[in-house]
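What follows is a short report on a single structure.
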Amino acid sequence: MDFNNPSYLAAPDAQAVVKGNNTHPNLYGIVLFYQTPLGVLVNAQFQGLPDISATNPNHFLGFHIHENGDCTQNESSDFSLTGSHYNPDNLPHPNHRGDLPPILNCNGFAWQSFLTNHFTVTEVIGRSVIVHSSPDDFMTQPSGNSGIKIACGIIKINN
């Protein structure tokens, strides 16, 4: 990466506008994807994350890329058409290409940025970004026991 010409200051290559389900209508976010020579720089920000509760007292929420880019809500408001974690190599959790660092909920807000070489921007176009109701335990198969899908956004090329 050439820090004299930082590509991360340019417009993102792709983005997902994330919206909460019917139970979390005030949850919004944006996830930006920048392809760099070292991997994909992901920048995510959220507002309206659920209040910390006795069922999730540690402030973390699961965050993943899922196979399908369909954020339709069924009668359970659970975005079930997004499918499983993006996992083209058929590896056990937490080694899916779609496994992302958890979101740290700070009074309903979160911001994070990280670099990953688990996928390219091109690979994830048309897939979905999901926020889950609970933290990912990084052990339970197949998805880390991260609870229900409470927010969804489809990853689209940034024009």
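The values are calculated or read from the model by the stated rules, or taken from the named source; none is laboratory data. Quick caveat, the model's predicted, so the values are computed rather than measured. Cβ coordinates were reconstructed from backbone atoms using ideal geometry, including for glycine residues, and neighbour counts include every protein chain displayed. To get the accessible areas, we keep the full protein, side chains included, count just its heavy atoms, and leave off ligands, DNA and RNA. Shrake-Rupley method; radii C 1.70, N 1.55, O 1.52, S 1.80 Å.
Tabulated data
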| read-out | value |
| --- | --- |
| Failed criterion for N26 (all others in (1) part of a loop (DSSP other than H, G, I, E, B); (2) touching a residue at least 60 places away in the same chain (Cβ under 8 Å) hold) | (2) |
| Scan of the range 122-137 for residues that are more than 16 Å from H59 (Cα to Cα) and not polar (S, T, N, Q), ordered by number | E123, V124, I125, G126, R127, V129, I130 |
| Which numbered condition H93 fails, given (1) without any contact (Cβ under 8 Å) to a residue 60 or more places away in the chain; (2) surrounded by 16 or more Cβ atoms within 10 Å (Cβ to Cβ); (3) on the phi > 0 side of the Ramachandran plot | (3) |
| Sole residue being touching a Cys at 6+ places or on another chain (Cβ under 9 Å) and either free of Cβ contacts under 8 Å to residues at least 40 places away in the same chain or open to solvent by less than 30 Å² (accessible area, probe 1.4 Å) (or both), chosen from L49, L100 | L49 |
| Members of the range 111-159 that are in a helix (DSSP H, G or I) and either in contact with a Lys or Arg (Cβ under 8 Å, 6 or more places away or on another chain) or open to solvent by less than 90 Å² (accessible area, probe 1.4 Å) (or both) | V121, E123, V124 |
| Cβ pairs under 7 Å, 6+ apart, first in the range 117-129 and under 11 Å from Y86 (Cβ atoms), second part of a helix (DSSP H, G or I) | S128/T82 |
| Residue ID - most open to solvent (accessible area, probe 1.4 Å), chosen from residues in the range 17-46 that are under 13 Å from the mean Cα position of the chain (by Cα) and among the polar types (S, T, N, Q) | Q45 |
| Qualifying positions in the range 54-72 - modelled with pLDDT under 85 and part of a loop (DSSP other than H, G, I, E, B) | A54, T55, P57, N58 |
